[in-house]
1. Lysines near residue 57 by alpha-carbon distance under 23 Å, same-chain residues fewer than 8 away left out - which ones?
2. Across every pair of different alpha-carbon atoms, what Kirkwood hydrodynamic radius in Å does the chain reach?
3. Largest first, what is the accessible-area ranking of 70, 31, 167 with a 1.4 Å probe?
4. Whole-Hz ³J(HN,Hα) for each residue in the stretch 151-161, computed from phi via Karplus 6.51 cos²θ - 1.76 cosθ + 1.60 with θ = phi - 60°, x for glycine and proline: what do you get?
5. Taking amide hydrogens as modeled 1.01 Å from N in the peptide plane, which residues meet the under 5 Å criterion relative to residue 175, leaving out close sequence neighbours?
6. If I model a spin label at residue 180 and residue 197 as a point 7 Å from the Cα along the Cα→Cβ vector, what separation in nanometres do I get?
7. If you take the C-alpha gyration tensor of the stretch 108-244, multiply each eigenvalue by 5 and take the square root, what semi-axes do you get, largest first, in whole Å?
8. Mind checking which of 75, 50, 33 is farthest towards the positive end of the stretch 1-116's charge dipole, using Cβ charges of +1 (Lys, Arg) and -1 (Asp, Glu) about the Cα centre?
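The values are calculated or read from the model by the stated rules, or taken from the named source; none is laboratory data. Note that the structure is a prediction, hence the values are computed from the model and not measured. Here the Cβ is made from the backbone with ideal geometry for all residues, glycine too, and neighbour counts use every protein chain on show. Remember, those area values only see protein heavy atoms, side chains included, never the ligands or the DNA or RNA. Shrake-Rupley method; radii C 1.70, N 1.55, O 1.52, S 1.80 Å.
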Amino acid sequence: MTTPTPILAAVIGSPIGHSKSPLIHGYWIKKHGLIGHYIPIEIRPENFESAIRSMPKLGFRGANITIPYKETILSIATSISDRAALIGAANTIVFGPDGSIRADNTDGIGFIENIRAHAPDWRGSNGPAVVLGAGGASRAIISALLADGAPEVRLSNRTRHRADMLKDQFGAKITVVDWARVSEAMDGAATVVNTTSLGMVGNQPLRVKLDNAPNFALVTDIVYTPVDTDFLQQARSFGLRTVDGVGMLLHQAVPGFEYWFDVRPEVDDDLRRVILA
Ligand code: ATR
C-alpha cells in the first residue's frame, strides 16, 4: 500500500506571524482526517512573483494571499474571478495542474455567509445598507451587498475622496455621505457595517451614533479584537440585532479549503473557540 502524498496549501504575506489562517485550516485538516499541511510563508516583495511561480512545482495546490500582496497577485494570475476583478484584489489562489494560477476573492462571500449563519432571514435586498469605511474590506463588502440585492449603499469615510472613488466604480446605487453626518444616514437602513479599523484594540473607538437606525436594522462589524466591540454593544442597547466579525474570517476560508482539499468544511462553534482562545 502506498502512502498518499500530503496536500499542501499556504498563506502568503509579509508579515505573516499574526495570521489566524493556519489555525483555521489546521483545524479542518485534523477534523476531516486529511493528509495535508497548511503553512504560513513570509515572502519579501522582490521574491514574491518567483516564489509564487515555484509553488506548484513544490506540490502546493494553492494559497491564501494577504497583506501586502492582495492586489499584486492579480498581475501574476493566469485567470481572475469576476468578484476578484471587481474588488481589485484576491485573497485565494488555486494552482492548475499546468501551473496556471486562478485568483479569487472570498471576503465578500465570507461577509454574507457570516451574517446568514446568525440571521438566516437576512438578505442584502432587505433594504439600504450603511457602510462605514472605504478601504479594501469595504470594496469586498460593497460588492457582496450589491450582488445580494442591496437597493442602495450609503457609504461614508473619514477621507471622503476614497468613498467618491468607490462610487465612481460601483455606480448609482452608492450614495456618499459625509463622515460628520453619517448618523443621519441610519434612517431606514436594513444593514449597518463597520469596515474601518476603529474599535479595534489599540485604536480609537467608533463614535458613530445608531439612534436613527430602525428596529429591524442588523449591525455588524469586521473588527473582531475585541469580539464584542463598543459599536455592537451600542447597537444591542438600542435593541438591534448584531453579528460579530469573527465569522467573516472563518467563512472566507471555506472556499479555499474546498478548492485545495476537496472537502467543504463547516464553520462550527469549536472552530470559533479555537480561533478565540
Ligand atoms: P482595509 O483594507 O482593511 O479596509 P484600509 O484600506 O487601511 O484597510 O482602510 C481602513 C479604513 O479605516 C479606512 O476607511 C480608513 O479611513 P481613511 O480612508 O480616512 O483612512 C478607516 N480609518 C482608519 N482610522 C480611522 C480613524 N481614526 N477615523 C476614521 N476612519 C478611520
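1. Straight-distance partners of residue 57: 70.
2. With all distinct Cα pairs of the chain included, I get 19.5 Å.
3. Of 70, 31, 167, the descending order of accessible area is 31, 167, 70.
4. After applying 6.51 cos²θ - 1.76 cosθ + 1.60, I find x, 7, 10, 8, 10, 9, 9, 3, 8, 4, 3 Hz.
5. 153, 154, 155
6. 2.5
7. Values: eigenvalues 74, 61, 43 Å².
Here the semi-axes work out to 19, 17, 15 Å.
8. Checked the options; the winner is 33.
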